[in-house]
Amino acid sequence: LNLSGSGAAYYSWAAGKIAQEVLASALRAAEPGLALGYADDGLALILAQVRDHAQAIGCARLRIALVQDESTLAGPYEFPTIAEIWRSEGVDVQVVDPRALTVRDGELRAGDRVFDVLYRDSTLENLIYMEQEGADLSAMRFAFAHNRVVSGLVGEIDHKGTLEAIASERMAPRLGAAQRESIR
């Protein structure tokens, strides 16, 4: 599961619902007694990871900000639906643009809302670009520095393409023995 990209998790969740609600009944009608299994719920896996992270960093409450650049509204934008699904399960969650985040008294905020953990769908490259365009992302920097972001910096290299690149023979001479062993 790619924790720094919610699209696949959302679409697999949606496909699972369609399979359960539409296809399963048709298959059972055609084949009475057919036993069907379902894949893990990607959204539940992400939520479990966020909960585990919040617990590991000592959060007493779990108030989640799903952080996504609102200027991407023309493209895939799953966070409002994910927030709705999680709210129906009793989760305190809000979709927030990274430019709307602030820090006050050591708390991450967007308006009057306080957040304990940020789940991001923006790459560091996107965040850096926003800053270069003049956005104040000091709250995101604070969140990264205080381990309040899922997926943290590891989210930049949890993609198989990145791992393939740093594990390549071309990269080997640039790395020490311990680094090569870690990658292996």
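Per-structure values
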item: Among residues of region 98-123, those that are in a loop (DSSP other than H, G, I, E, B) and either without any contact (Cβ under 8 Å) to a residue 60 or more places away in the chain or aliphatic (A, V, I, L, M) (or both), counted; result: 6
item: Qualifying residue in region 53-71 (condition: at pLDDT 85 or above and in contact with a Cys (Cβ under 9 Å, 6 or more places away or on another chain)); result: yes
item: Check on residue 51, open to solvent by 90 Å² or more (accessible area, probe 1.4 Å) and farther than 19 Å from residue 82 by Cα; result: no
item: Looking only at region 131-149, and only at residues there that are closer than 21 Å to residue 80 by Cα and either modelled with pLDDT of 95 or more or among the charged types (D, E, K, R) (or both), the one that is surrounded by the fewest Cβ atoms within 10 Å (Cβ to Cβ); result: 148
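The values are calculated or read from the model by the stated rules, or taken from the named source; none is laboratory data. As the structure is a computational prediction, the values presented were derived from the model and not from experiment. All Cβ positions, even for glycine, are placed from backbone atoms using ideal geometry, and neighbour counts span all protein chains on display. In case anyone asks, the SASA skips ligands and DNA or RNA and just uses the protein heavy atoms, side chains included. Shrake-Rupley method; radii C 1.70, N 1.55, O 1.52, S 1.80 Å.
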